[in-house]
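Right, one structure below, let's go through it.
Read-outs: derived from the displayed coordinates by stated rules, not from any lab. Everything quoted here is computed from the prediction, not taken from an experiment. Cβ placement follows ideal geometry from the backbone for every residue including glycine, while neighbour counts extend to all protein chains displayed.
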Protein chains: 2
Amino acid sequence: MDDAHDAVAAYWAAAQARDWPAFGSLVAADVVYEAPQTRERVRGRAAYVRFNAEGFPGDWQLTVQRIVGQGRSAASWIQMSDAGDHYAGLCFFDLGTDGLITRITDFWPVSSEPPASRAHLAERY
Amino acid sequence: MDDAHDAVAAYWAAAQARDWPAFGSLVAADVVYEAPQTRERVRGRAAYVRFNAEGFPGDWQLTVQRIVGQGRSAASWIQMSDAGDHYAGLCFFDLGTDGLITRITDFWPVSSEPPASRAHLAERY
């Protein structure tokens, strides 16, 4: 597979299916995962599969909102649903020339209140 | 301009330069901005330029980390630096057939501590 969009679509389909062998087959042996918010880093396919398979228990369900791929880069926006909670997950991906995912940078924004100073500049929904 | 990557690169260059006329020229007259975390929404070019020009005072500087464009969609990851703070901003963009940005969805993740339950599955950096 050498299309970044399709690689990321397959990655999220495997995650949603908890199909960890398929998930692992999409990432490089030396894949590096980073979560800048928590400063967590995972190196290597086996450790990364385990991080996903064991690190996030529960009956979460994910829905892809958007995948954008260009060359050897991609970005995704997913919605995660877990026990009535819904939240967005944003990832940026790099791929190697063999089409495997070599780097994943993962972000999980949380809800917050905007500053009052810009309340006159936006509506709320 | 009809390349989504280049439109977003020009958007961030205009924002960094505080060149609000250039910034406004890149978005559609009926552009819709949404920030899912705060549930803020801004509709229309004039309101959106004003939101950016007046809503975020201070001497912030932005650096593009990654832009991915595909067809009429794009995603960006920027680093914002402001008074010694550094934080990531993630945006997804839709473009019209005229190359103008019609929709912007904006996320600002913040730092957090990971749960102890997955401490054995990742290193910290």
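Details
- Phi-derived couplings, Karplus 6.51 cos²θ - 1.76 cosθ + 1.60 at θ = phi - 60°, listed residue by residue for the stretch A:63-73: 10, 6, 8, 7, 10, 10, x, 8, x, 9, 10 Hz, with x used for Gly and Pro.
- The value of relative contact order for chain A, using C-alpha pairs under 8 Å at least six residues apart, is 26 percent.
- For B:Asp98 and A:Asp82, a Förster radius of 35 Å and the Cβ-Cβ distance give a FRET efficiency of 0.30, rounded to the nearest 0.05.
- Nearest 10 degrees, 0 to 90: helix B:45-55 Cα axis against chain B principal axis: 40 degrees
- In a reduced charge model with +1 at each Lys and Arg Cβ and -1 at each Asp and Glu Cβ, the stretch B:4-110 shows a dipole moment near 240 debye about its Cα centre.
- Residues A:Thr97, B:Thr63, sorted so that the one with the fewest Cβ neighbours within 10 Å comes first: A:Thr97, B:Thr63
- Per residue of the protein assembly as shown, the DSSP helices (runs of n ≥ 4 H) give a summed -39500 (n - 2.57) that works out to -7000 deg cm²/dmol at 222 nm.
- Label distances, nm, A:Ser117 versus same residue in remaining copies, Cβ-directed 7 Å point: 3.8
- Separation of the stretch B:42-67 from the stretch A:26-51 is 33 Å, based on Cα centroids.
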